[in-house]
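The values are calculated or read from the model by the stated rules, or taken from the named source; none is laboratory data. Everything quoted here is computed from the prediction, not taken from an experiment. Don't worry about glycine lacking a Cβ; one is built from the backbone with ideal geometry, like all the others, and counts go over all protein chains shown. Surface areas here come from the heavy atoms of the whole protein model, side chains and all, with no ligands, DNA or RNA. Shrake-Rupley method; radii C 1.70, N 1.55, O 1.52, S 1.80 Å.
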Amino acid sequence: MAPPILKLDNMMLTFGGTPLLNGANLQVEPDDRICLVGRNGSGKSTLMKMAAGIVEPQSGEIFKHPSATVRYLEQAPDFDQHKTVRTYAEAGLGPGDDPHRVTYLMEHLGLSGDEDPQQLSGGEARRAALVRVMAPQPDVLLLDEPTNHLDLPTIEWLEVELKRMRGALVVISHDRRFLENVSRSTIWLDRGTARRLNQGFGSFEAWRDRVLEEEEIEQHKLGRTILREEHWLRYGVTARRKRNVRRLSELHDLRARHRNHRGPTGTIEVTKSEARESGKLVIEAEAVSKSYAARRIVDDFSIRIHRGDRLGFVGPNGAGKTTLLKLLTGQLKCDSGSVRLGANLEIATLDQKRDDLDLNQTLEHFLTDGRGSNLLVNGEQRHVTGYMKDFLFQPEQARTPIRELSGGERARLILARNLARPANLIVLDEPTNDLDMETLDLLQEIVAGFAGTVILVSHDRDFLDRTVSSIIAPANPSNPDGQWLRYAGGYTDMLAQRGQASAERKQAREKNATRNTSAKPTEPKGKLSYKQKFALETLPVKISEAEDQANQLENKMANPDFFARDPDGFSKTAEELSSLRVALAKMEEEWLELEMLRESLENGA
C-alpha cells in the first residue's frame, strides 16, 4: 500500500450542539478515486474544506505530503478582482504548470476566456471553476458538486477527463451515475464519523443498508443485555460485594451507551398536495416557434401532453430547454404557432435559480408566506414546526434566516413549500441540484406516484431514467437548431433509440458504398430498370402505411395509463416505433434517390 499524500485524523468540529464532525478520518493515496457521501448537513463540504486547508478543525491532525499540490472546487467560486475568465483560470496555475492546459480545457468546456466573470451563467461559472482547478493537474483534486448546472455532454466529457487524470480525486456529488462512473472507493460521513468502503458508489447503498441493519440489531442486543443486568441486580445473589459493584458500574456504562447512541437521520415521508383532477389534455402546442435575434430556439414544434405524462427535457446548456418549457406552460409567448392549456390546471413550479428565495426571511415566514404559524397541507392545518420536522428541520430553526442554510437545505426548504401547495401539474427546472441522495429518492417517489402531470428539466441521468416516460431532446444535440424530438422512455432509452438509428444509417451507407465499388461496370442506361420502376410506384403506398402504423403506435403510447399498467408492453411498443421510424426513413431516402434518378434520366434523354 502506497503512503498517503493527504491524511486527516480524528477531525473534531462542533457549533455548540451535536458535533458536526466527531473523530472523522480521511486518507487519500496516489491515484485514489474517492466519493464522499452523506446527508445534507452531515459535514461533507466542511471535511473537504479541512482537506483543502480552508477550515481549521477544533482538534485532530492533518498531514499533507510536502511536495503534493491540492486544488479545491468550491460550490460558490469567488471571481472578484478578475476581469476575464482566462485571468481567473490562470491564477490557479503554479510556477511550473503549463498555461496551454488552460486553453485546452476552455476549448472543451465551451469558453473563450474573454467572458466577464461577473456576467456568467451558473453553468459557465462552474466550467470556469473547473478549468482553474483542473489545469494545474494537481496531486489531489477536491471537487464539491462539480456537475451542478452542467449539461449532459459536459458531464460525460468530465467523466472521461477525470478517468484520464494522474492525480487522486475526492468528489462530492448528488449525481449517482457520475459517482458510479468515476469512483473506486466510498467514504460515508454519518453522524460525525467517516466509514470507508473500498468499492465505488455502485456498491455503496447496499453496504450502507447492511451497516444500518447490523447497528439496529446491535442496539436491540444492548437493550436486552441492560434488561438482563437490571433483573440480576434486583433479584440476584447479593454476596461478593466487589463483584456486584463492578457489575453495577458496567450496567451504568451500558445505559450510557444506549442513551447516547445517535440513530441515523430520519427519512422524509410526505406526499404532494394534489389539486382537483385536470382535463385529459393538459397542453397542446401546434407549430410553435421562438427566436432570439437571428437564432432559432424552437422551430415548428408540436406536441400533446396528456394527464399522467412525465416528460423530461434534456440537451446542452443554451439549447433552449427552459425557453421551451416556458412556452409550453404559457410563461412565454411564442413568435408563431399556438399553445393551449387544458382545463382546471393548477401549476407548481420549482425554479433552478431559486428566484423566490429572500435570504433574510425566516423558515417559518417562507413556508407560511408570512401568515402566522400554520399552513394548509392536503386540506389540513399543520403547525409549521411539525411540517418542518417532516423535512428534517429542527423546531428551533423556525426563526432562522434562510441565509444560514446550506445549499442542500435551501433546496429542501423550497421543495417543502412546493409540496404543500395544491397542484395537478408539477414543473421542475433542475430540481436535483444540491439535494442529497435520500431527498432525491423522495422526489423520485413523489414524481412516480403523482396522479397529475410532471414536466422536468434535468441533467441527472439516473433521475431521468427513474422518473420520466418520455424525453424531449434537440434533434441535433451537437449543434441545436430549434428542432426538438420526442423519445419514448427515459434517458438510456433515448440513447438506445438514437444509437440504433445512427447505426442503421451508417450500415446502409456502408452497404451502398460497397455495392457501388464492387459492382461491375455496365453500359449507361437510358431508363429505369423494372425493379426500380416497381419500387418507385409502390414505395409511396408503403410509406403511407408505415406512417399510419407509426401514428397508431404513438397514440397507443400517449395513453397516460399505458406505462404504469404495462411497462414491458410500453418498452416493446417503443422499440417497435423506433424500428418503424428507421425503416420509414430508409424508404423515404430510397424513394427520393429513385425520383432524382428518374428526373436525371428524363432530362438527359
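Annotations
- Of all the residues in the range 144-164, those that are in contact with a strand residue (DSSP E or B) (Cβ under 8 Å, 6 or more places away or on another chain) and under 27 Å from Pro477 (Cα atoms) number 3.
- Strands (runs of 3 or more DSSP E) wholly inside the range 316-418 containing at least 3 residues that are in contact (Cβ under 8 Å) with a residue 40 or more places away in the chain and surrounded by fewer than 17 Cβ atoms within 10 Å (Cβ to Cβ): 336-341
- Residues of the range 39-59 that are in contact with a helix residue (DSSP H, G or I) (Cβ under 8 Å, 6 or more places away or on another chain) and over 30 Å from Leu440 (Cβ atoms): Glu56 alone.
- Residue list for the range 106-121, filter: open to solvent by less than 40 Å² (accessible area, probe 1.4 Å) and in contact (Cβ under 8 Å) with a residue 40 or more places away in the chain: Leu109, Leu120
- Residue match in the range 440-458 (condition: of a type in the set (D, E, K, R), open to solvent by 10 Å² or more (accessible area, probe 1.4 Å) and touching a residue at least 24 places away in the same chain (Cβ under 8 Å)): no
- Within the option set Asp32, Asp78, being surrounded by fewer than 20 Cβ atoms within 10 Å (Cβ to Cβ) and more than 19 Å from Val171 (Cα to Cα) holds for one residue only, Asp78.
- Enumeration of residues in the range 122-146 that are part of a loop (DSSP other than H, G, I, E, B), buried (at least 19 other Cβ atoms within 10 Å of the Cβ) and in contact with a Lys or Arg (Cβ under 8 Å, 6 or more places away or on another chain): Ala135, Pro136, Pro138, Pro146
- Taking the range 464-493 as the range and being open to solvent by less than 60 Å² (accessible area, probe 1.4 Å), touching a residue at least 60 places away in the same chain (Cβ under 8 Å) and not in a strand (DSSP E or B) as the test, the residues that pass are Leu464, Thr467, Val468, Ser469, Pro477, Pro480, Gly482, Gly489, Gly490, Tyr491.
- Residue satisfying condition, being among the charged types (D, E, K, R) and within 24 Å of Pro66 (Cα to Cα), within set Arg127, Arg166: Arg166
- Among the residues of the range 544-567, those that are charged (D, E, K, R) and modelled with pLDDT under 75 comprise Glu554, Asp561, Arg565.
- For the range 280-309, a residue qualifies if it is open to solvent by less than 30 Å² (accessible area, probe 1.4 Å) and part of a strand (DSSP E or B), and the qualifying residues are Val282, Ile283, Glu284, Ala285, Val288, Ser289, Lys290, Ile297, Val298, Phe301, Ile303, Ile305.
- For the range 3-25, a residue qualifies if it is part of a loop (DSSP other than H, G, I, E, B), open to solvent by less than 50 Å² (accessible area, probe 1.4 Å), over 27 Å from Thr432 (Cα atoms) and hydrophobic (A, V, I, L, M, F, W, C), and exactly one does: Ile5.
- The criterion of at least 3 residues that are under 23 Å from the mean Cα position of the chain (by Cα) is met, among strands (runs of 3 or more DSSP E) falling completely within the range 148-221, by 168-172, 185-190.
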